[in-house]
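**Q** Sending over a structure as structure tokens; questions will come in a sec.
Every read-out reported here was derived from the displayed coordinates using simple, explicitly stated rules and does not represent laboratory data. Since the structure is predicted, the reported quantities are computational estimates derived from the model, not experimental observations. Note that we place each Cβ from the backbone using ideal geometry, even for glycine, and neighbour counts take in every protein chain shown.
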Amino acid sequence: MADRDGEVRWDGLCSRDAGSRDSALENIRQAVLKKSEAIALIKENISPPPAAAEGLLLPSANKARGVLNEMLARLLMLSKRCPFRDVREKSGAILVNVQVQELGIRIPRPLGQGPSRFIPEMEILQVGTEDTQMHTLFAEAFTTLGRLDNITLVMVFHPQYLESFLKTQHYLLQMDGPLPLHYRHYIGIMAAARHQCSYLVNLHVSDFLHVGGEVKWLNGLENAPQKLQNLGELNKILAHRPWLITKEHIEQLLKTEEHSWSLAELIHAVVLLTHYHSLASFTFGCGINPEIHCEGGHTFKPPSVSDYCICDITNGNHGVHDMQGPTGSVTTTEPSCEVEALMEKMKQLQECRDEVKASKEEKATRFEKEKRESMLVCCSGQNILGQHTLKTIPICDREDEELPPTRDVSRHFEDTSYGYKDFSRHGMHVPTFHVQDYSWEDHGYSLVNRLYPDVGQLIDEKFQIAYNLTYNTMAMHKDVDTSMLRRAIWNYIHCMFGIRYDDYDYGEINQLLDRSFKVYIKTVVCTPEKTTNRMYDSFWRQFKHSEKVHVNLLLIEARMQAELLYALRAITRYMT
């Protein structure tokens, strides 16, 4: 597909054929040089008084400069993030060539510290250093999406999960399905916007336009078709209080005369909404930085370091590593006995399980107690340093880091004041959702697969991989059975949503998950936009970043399943 300026085609770079990529790069090189020379010529011909003309261009030149800047930013991204070596090297060479032409054109440089604000760049797999298996995965992602995004580069800590995730997302967005392609990306925008996730919104605004979406829809939800506007209420409730979804919400969508949804379309929409609500949780939970070519990912301002060299653009030396700590586990002052203490608790709980079985009544009581206690856990940054301090961390505190400017995402949804609230407040009582009455395995899976073939299978595989994923390690310890810990995390998230497993002893959660960890979990799952670097650093301080990413995979899949359970139960009740 041609770019909007009608001159440049980028899709050839996604080809697996080196010749096609080379031809596309040559066309891009010529277009960049042509625009650079045209802008330089216009600047030379402008001759008002110097004081009034500094940095001033004619309107046509301003537009041309904007188009050129977009092209240069994309080339910068390709020079660092493309899995094809020829594209990386030639993209970097085009940028260098623009600089040495001395046409007065500034070229961009990256901002941020790699894919994540929370994880040092040197601890994340660098593009170009991956093994054959990883290269295949990277190439598949790039040829499918036209980019190798920061989410992928963080998820690659766990390749088995990443492969399943990419396969599912590709099917939802690009393969045959009930909804047209531009609707799919617009629903992704609506879902991400509910959590103010400008990262995902920016990506899908670009994708939405790429597949032919109408620009005016992006001016606000009120400019989208009424059918999509009608989805706003379900999006709102699903994102923040899914336990309030009823069959009446479903009926309203399915019986709105000419703007009605079919059951198959609604299933597709629900899966997309839950996918992007959860992906927003991952984005904030792992501190994902803006993409290099997107707003906040690059700058055209010259660096402050006087000896900065243009060649640093392509080799990654842009002052990042000087600010990062050593590789390995997270830097901490916490005693190393933290991990041993957690392992000892797991051992004791297993022994208690073997010796004494809690009664049905005791399990019910412990669930209600954990449910009440989960409401007392603050997810706004309070008390996140554990029992040693009562210091409150403001929502805006991000370790004094300078956050990039973000797109105004509130235009993409209605009722901006609506947000997360615990499900039992001010005398309200929401009935417990018993999994034995409606489960993903026995009910949700078959409903999704029947109305949207193969998607149930893909989602189920993703759930299973995240839940069962283990390397039998905990920090520096090997040969450890982590199943008890993984189940505690999963069931705690479902408990926060009022979902109960009758066969689980919820007393284990308080033994295994300390307060700082619970604060992080609740924040990432319920109000992810409030997640801070300090929250991320405060839990499991002896564990590796890969293990914290694994935690986030559990969080997003447990959240997605919880949302799906409430939505699919409501759809089932409508159908029966």
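**Q** From the backbone phi of the range 498-506, what are the Karplus-calculated ³J(HN,Hα) couplings (6.51 cos²θ - 1.76 cosθ + 1.60, θ = phi - 60°) in whole Hz, Gly and Pro given as x?
**A** x, 9, 10, 9, 5, 8, 10, 8, 6
**Q** Give me, ordered by chain and number, the residues 5 or more places off Ile288 or on other chains with an amide H under 5 Å from its own placed amide H.
**A** Amide H neighbours of Ile288: Arg117.
**Q** For His135 and Arg9, what does the FRET efficiency come to when R0 = 25 Å and r is the distance between their Cβ atoms, rounded to the nearest 0.05? Intermediate results must be reported in sequence, preceding the final value.
**A** Values: r = 25 Å, r/R0 = 0.99.
Efficiency computed from Cβ-Cβ geometry: 0.50.
**Q** I would also like to ask the following. Distance between the C-alpha centers of the range 511-572 and the range 138-195? Whole Å please.
**A** Using only Cα atoms, the two centres lie 20 Å from each other.
**Q** So, R0 is 35 Å and r is the distance between the beta-carbons of Ser23 and Glu214; what FRET efficiency does that work out to, to 0.05? Present the calculation step by step, with values, prior to reporting the outcome.
**A** Values: r = 31 Å, r/R0 = 0.90.
Plugging the Cβ-Cβ distance into 1/(1 + (r/R0)^6) gives 0.65.
**Q** Putting +1 on Lys and Arg Cβ atoms and -1 on Asp and Glu Cβ atoms, find which of Ala475, Val519, Asn491 reaches farthest to the positive end of the dipole of the range 450-573.
**A** The residue sitting most towards the positive pole is Val519.
**Q** Something else about it: Treating only the Cβ of Lys, Arg, Asp and Glu as charged (+1, +1, -1, -1), what charge dipole size does the range 67-124 show about its Cα centre? Round to the nearest 20 debye.
**A** Numbers: 9 positive and 6 negative charges, 17 e Å.
Value, rounded to 20: 80 debye.
**Q** Please list, in order along the range 276-290, the HN-Hα scalar couplings obtained from phi with the Karplus expression 6.51 cos²θ - 1.76 cosθ + 1.60 (θ = phi - 60°), rounded to whole Hz, x for Gly and Pro.
**A** After applying 6.51 cos²θ - 1.76 cosθ + 1.60, I find 7, 4, 5, 5, 4, 4, 5, 4, 6, x, 9, x, 5, 7, x Hz.
**Q** List the residues whose amide H sits under 5 Å from the amide H of Trp540, counting only those 5 or more places along or on another chain, with H placed 1.01 Å from N in the peptide plane.
**A** Answer set, sorted by chain and number: none.
**Q** Which of the peptides 95-101, 457-463 is most tightly packed, and how do the rest follow, judged by the mean count of other Cβ atoms within 10 Å per residue? Show your work: numbers first, answer last.
**A** Details: 95-101: 15.7, 457-463: 19.9.
Highest mean packing first, the order is 457-463, 95-101.
**Q** Be a star and scan the range 180-194 for residues whose amide nitrogen sits under 19 Å from the point 7 Å along the Cα-to-Cβ vector of Glu222.
**A** Taking a point 7 Å out along Cα→Cβ of Glu222, the residues of the range 180-194 whose backbone N falls under 19 Å are 190, 194.
**Q** Work out from phi, with θ = phi - 60° and the Karplus expression 6.51 cos²θ - 1.76 cosθ + 1.60, the ³J(HN,Hα) of each residue of the range 123-140, listed in order in whole Hz, and give x for Gly and Pro.
**A** With coefficients 6.51, -1.76 and 1.60, one gets 8, 9, 4, 7, 4, x, 10, 6, 7, 4, 4, 5, 4, 4, 5, 4, 4, 5 Hz.
**Q** May I pose another question? Considering Cα pairs under 8 angstrom that are at least six residues apart, work out the relative contact order of the range 97-247 and quote it in whole percent.
**A** Values: 85 pairs, mean separation 18.8, N = 151.
Taking the mean separation of contacting Cα pairs over the length of the range 97-247, I get 12 percent.
**Q** For a quick protection proxy, order the peptides 450-456, 271-277, 544-550 by their average other-Cβ count within 10 Å, most packed first. Walk me through the intermediate numbers first.
**A** Numbers: 450-456: 17.3, 271-277: 25.7, 544-550: 19.9.
My ranking of the peptides, most packed first, is 271-277, 544-550, 450-456.
**Q** Here is a follow-up. What is the ratio of the Cα radius of gyration of the range 107-250 to 2.2 N^0.38 Å, with N the residue count, to two decimals?
**A** Dividing the Cα Rg of the range 107-250 by 2.2 N^0.38 Å gives 1.21.
**Q** Amide H to amide H, which residues 5 or more places from His298 or on other chains are under 5 Å from it, using H placed in the peptide plane?
**A** Answer set, sorted by chain and number: Leu111.
**Q** Working out 0.36 nm times the residue gap between Glu89 and Met476, then minus their Cα-Cα distance, what length gain in nm do you get to one decimal? Walk me through the intermediate numbers first.
**A** Working: separation 387, 0.36 × 387 = 139.32 nm, distance 3.81 nm.
Full-extension gain reported as 135.5 nm.
**Q** Hey, another quick one. Given bins 5 angstrom wide, list per bin the percent of all Cα-Cα distances in the range 127-189, short to long.
**A** Pair shares across the bins are 4, 16, 27, 24, 14, 9, 5, 1.
**Q** Let me ask something additional. Of all the C-alpha pairs in the range 424-483, what % are more than 16 Å from each other? Walk me through the numbers on the way to the answer.
**A** Details: 1149 of 1770 pairs.
Distances greater than 16 Å cover 65 percent of the Cα pairs.
**Q** Within a Cβ distance under 9 Å of Leu203, other residues only, what is the Lys/Arg minus Asp/Glu net charge?
**A** Working: positive: Arg147; negative: Asp149, Asp207, Glu291.
Result for the neighbourhood of Leu203: -2.
**Q** If R0 is 45 Å, what FRET efficiency do you get for Lys360 and Lys247 from their C-beta distance, rounded to 0.05? List each step's numbers first, then the result.
**A** Working: r = 30 Å, r/R0 = 0.66.
That pair, Lys360 with Lys247, gives E of 0.90.
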